1. Sorting check: for 80-88, 33-41, which peptide has the highest mean count of neighbouring beta carbons within 10 Å, and how do the rest follow?
2. Would you work out what percent of the accessible area of the range 4-66, with all protein chains in place, is carbon or sulfur (probe 1.4 Å)?
3. Got a sec to turn the phi values of the range 78-86 into Karplus ³J(HN,Hα) couplings, 6.51 cos²θ - 1.76 cosθ + 1.60 with θ = phi - 60°, whole Hz, x for Gly and Pro?
4. Distance between Cα centroids, the range 46-85 to the range 8-35: provide it in whole Å.
5. Which cross-chain or sequence-distant (5 or more) residues have an amide H under 5 Å from the amide H of Leu20, H modelled 1.01 Å from N in plane?
6. Net charge within 12 Å of Leu3 by Cβ-Cβ distance, Lys/Arg positive one each and Asp/Glu negative one each, not counting Leu3 itself?
7. Over the range 1-57, give the accessible area per residue in Å² for a 1.4 Å probe, as an integer.
8. Tabulate in residue order the Karplus-calculated ³J(HN,Hα) for the range 32-46, using 6.51 cos²θ - 1.76 cosθ + 1.60 with θ = phi - 60°, rounded to whole Hz; enter x for Gly and Pro.
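The values are calculated or read from the model by the stated rules, or taken from the named source; none is laboratory data. Bear in mind that the values here come from a model prediction, so they are computed numbers and not experimental data. Note: ideal-geometry Cβ built from the backbone for every residue, glycine included; neighbour counts use all protein chains shown. We work out accessible area using only protein heavy atoms, side chains counted, and drop any ligands, DNA or RNA first. Shrake-Rupley method; radii C 1.70, N 1.55, O 1.52, S 1.80 Å.
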Amino acid sequence: MNLLEKAFSLHPAPFWTERLKLARQTLHTAKTRGHLSPAIAGALAEELGQNPDEWIVVAALESEKASACKERMLKRLQSAVRSYFNRTVALGFRGKKPQRQPQQAAQGRASSRAC
(Lines give C-alpha, C1' and ligand atoms only; values in the text may rest on other atoms or scores of the structure.)
Protein backbone atom coordinates (compact mmCIF):
# COMPACT_ATOMS: atom_id res chain seq x y z
CA MET A 1 0.00 0.00 0.00
CA ASN A 2 3.04 2.27 0.35
CA LEU A 3 3.35 2.27 -3.42
CA LEU A 4 -0.27 3.38 -3.85
CA GLU A 5 0.16 6.12 -1.22
CA LYS A 6 3.26 7.38 -3.02
CA ALA A 7 1.38 7.43 -6.34
CA PHE A 8 -1.54 9.32 -4.77
CA SER A 9 0.85 11.87 -3.26
CA LEU A 10 1.99 12.71 -6.80
CA HIS A 11 -1.33 12.56 -8.67
CA PRO A 12 -4.98 11.83 -7.81
CA ALA A 13 -6.60 8.45 -8.43
CA PRO A 14 -8.29 9.48 -11.71
CA PHE A 15 -4.87 10.27 -13.21
CA TRP A 16 -3.54 6.79 -12.37
CA THR A 17 -6.76 5.11 -13.47
CA GLU A 18 -6.47 6.71 -16.89
CA ARG A 19 -2.69 6.27 -17.12
CA LEU A 20 -2.86 2.53 -16.33
CA LYS A 21 -6.10 2.04 -18.27
CA LEU A 22 -7.99 0.66 -15.27
CA ALA A 23 -11.67 0.59 -14.40
CA ARG A 24 -12.73 3.67 -12.42
CA GLN A 25 -13.15 1.86 -9.07
CA THR A 26 -10.08 -0.41 -9.26
CA LEU A 27 -7.68 1.70 -7.19
CA HIS A 28 -10.38 2.62 -4.67
CA THR A 29 -11.19 -1.07 -4.23
CA ALA A 30 -7.50 -1.91 -3.81
CA LYS A 31 -7.13 0.78 -1.14
CA THR A 32 -10.24 -0.46 0.68
CA ARG A 33 -9.04 -4.09 0.60
CA GLY A 34 -5.55 -3.12 1.65
CA HIS A 35 -3.58 -4.62 -1.25
CA LEU A 36 -2.85 -4.18 -4.93
CA SER A 37 -2.81 -6.93 -7.50
CA PRO A 38 0.74 -7.84 -8.56
CA ALA A 39 0.05 -6.65 -12.12
CA ILE A 40 -1.16 -3.22 -11.00
CA ALA A 41 1.70 -2.91 -8.49
CA GLY A 42 4.23 -3.67 -11.22
CA ALA A 43 2.70 -1.19 -13.66
CA LEU A 44 2.45 1.51 -11.00
CA ALA A 45 6.04 0.94 -9.89
CA GLU A 46 7.20 1.22 -13.48
CA GLU A 47 5.34 4.53 -13.88
CA LEU A 48 6.96 5.79 -10.67
CA GLY A 49 10.44 4.81 -11.87
CA GLN A 50 10.85 2.01 -9.35
CA ASN A 51 11.74 -1.64 -9.84
CA PRO A 52 8.49 -3.38 -10.83
CA ASP A 53 9.85 -6.85 -10.00
CA GLU A 54 10.22 -5.99 -6.31
CA TRP A 55 6.75 -4.48 -6.07
CA ILE A 56 5.18 -7.43 -7.85
CA VAL A 57 6.66 -9.73 -5.19
CA VAL A 58 5.45 -7.48 -2.37
CA ALA A 59 1.92 -7.33 -3.81
CA ALA A 60 1.81 -11.09 -4.31
CA LEU A 61 2.83 -11.70 -0.70
CA GLU A 62 0.37 -9.11 0.63
CA SER A 63 -2.53 -10.81 -1.13
CA GLU A 64 -1.67 -14.31 0.12
CA LYS A 65 -3.63 -15.88 2.95
CA ALA A 66 -1.71 -16.46 6.17
CA SER A 67 0.44 -19.57 5.99
CA ALA A 68 3.83 -20.87 7.07
CA CYS A 69 5.16 -20.37 3.54
CA LYS A 70 3.95 -16.76 3.46
CA GLU A 71 5.64 -16.00 6.78
CA ARG A 72 8.83 -17.62 5.54
CA MET A 73 8.84 -15.60 2.32
CA LEU A 74 8.09 -12.36 4.19
CA LYS A 75 11.09 -12.98 6.44
CA ARG A 76 13.21 -13.75 3.41
CA LEU A 77 12.07 -10.57 1.66
CA GLN A 78 12.75 -8.48 4.78
CA SER A 79 16.21 -10.01 5.07
CA ALA A 80 16.95 -9.33 1.40
CA VAL A 81 15.83 -5.71 1.75
CA ARG A 82 17.97 -5.19 4.86
CA SER A 83 20.95 -6.78 3.14
CA TYR A 84 20.48 -4.62 0.04
CA PHE A 85 20.31 -1.41 2.07
CA ASN A 86 23.32 -2.39 4.19
CA ARG A 87 25.37 -3.01 1.04
CA THR A 88 24.13 0.23 -0.51
CA VAL A 89 25.21 2.17 2.57
CA ALA A 90 28.59 0.39 2.54
CA LEU A 91 29.07 1.46 -1.09
CA GLY A 92 28.41 5.04 -0.06
CA PHE A 93 25.40 5.47 -2.37
CA ARG A 94 27.63 5.51 -5.44
CA GLY A 95 24.94 3.94 -7.55
CA LYS A 96 26.64 0.56 -7.88
CA LYS A 97 24.32 -2.40 -7.78
CA PRO A 98 25.52 -5.01 -5.27
CA GLN A 99 26.20 -8.41 -6.78
CA ARG A 100 24.55 -11.47 -5.26
CA GLN A 101 27.02 -14.02 -3.96
CA PRO A 102 26.83 -17.53 -5.52
CA GLN A 103 26.31 -19.08 -2.08
CA GLN A 104 23.27 -16.83 -1.43
CA ALA A 105 21.80 -17.72 -4.81
CA ALA A 106 22.11 -21.44 -4.07
CA GLN A 107 20.50 -20.97 -0.65
CA GLY A 108 17.60 -19.06 -2.24
CA ARG A 109 16.89 -21.87 -4.69
CA ALA A 110 17.08 -24.55 -2.00
CA SER A 111 14.72 -22.78 0.41
CA SER A 112 12.14 -21.95 -2.26
CA ARG A 113 11.76 -25.63 -3.11
CA ALA A 114 10.56 -26.49 0.41
CA CYS A 115 7.09 -24.94 -0.03
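1. 33-41, 80-88
2. So the carbon and sulfur contribution to the accessible surface is 54 percent.
3. 4, 5, 5, 5, 4, 4, 4, 5, 4
4. Using only Cα atoms to place each centre, the spacing works out to 21 Å.
5. Excluding prolines and chain starts, which carry no amide H, there are no hits.
6. Its environment carries a net charge of -3.
7. 65
8. 5, 6, x, 7, 9, 6, x, 5, 5, 4, x, 5, 5, 4, 4
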